[in-house]
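Report on the structure given below.
The values are calculated or read from the model by the stated rules, or taken from the named source; none is laboratory data. Here the structure is a predicted model, which means the values were calculated and not measured. A quick note on method: Cβ atoms are made from the backbone with ideal geometry, for glycine too, and the neighbour counts reach across all protein chains shown. In case anyone asks, the SASA skips ligands and DNA or RNA and just uses the protein heavy atoms, side chains included. Shrake-Rupley method; radii C 1.70, N 1.55, O 1.52, S 1.80 Å.
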Amino acid sequence: MENNAHRYAEAPVVYRPEPMPVHPAEALPFLSPVPVPGAVEARTADGRTVWVYATVPAGAEPAAPAAAPSTVPAWAKTTALLMTAASASLALAAYALQVFAEAAAALAAALVILAKIAFVLALVVALVAAVVKSRRPGGAQTATATATATAGLFGRAKATATATITTR
């Protein structure tokens with residue numbers, strides 16, 4: 001028993017809606033296996049016959065495409081990117097130098113103050129040493145030094161020196 005439910009009694013009608021304003025008909029080709037009014041017969045690569053809505057009337061030459069705007073060369077883009085990075089780096093370096101200069105000025109001022117304090121302290125210590133030395137009575141001081149030297153397995157030498165200083 002044959003199933004004829006899927007067979008058409010007549011050729012199917014192809015519905016072609018009006019093109020939307022943003023999609024012109026030239027951009028939407030339509031292929032149909034059956035003849036359609038307004039379509040042009042064409043052959044596919046495998047030899048089938050199809051009907052295609054022509055985007056350009058037969059015999060008319062297609063319009064020349066508009067000239068594309070000139071593109072920016074790659075070296076110009078690279079240079080622009082590098083110059084942007086270099087200028088940003090220089091701006092940051094200038095700001096860091098400004099901050100460093102202010103900090104260096106404060107550091108220099110602090111070092112000058114420390115040098116003045118150290119100079120005053122050295123004068124005070126020298127004055128105290130001079131006063132203490134002048135008040136101390138004369139006396140004797142003794143210093144002893146001992147040195148030991150070894151040579152080989154059994155060689156050993158020992159030397160002791162004593163020095164006495166008398167102040168008046």
Heavy atoms of L107: accessible area, 1.4 Å probe, square angstrom to 10: 110
Overall form of the stretch 77-168 per C-alpha gyration tensor (a/c, 1.5; a/b vs b/c): oblate
Label-point gap, in nm, between Q98 and I113 - each point 7 angstrom along Cα→Cβ: 2.6
Theoretical FRET efficiency, 1/(1+(r/R0)^6), r = Cβ-Cβ of A122 and T162, R0 25 Å, to 0.05: 0.15
Solvent accessible area, Å² - L121, 1.4 Å probe, full protein context: 100
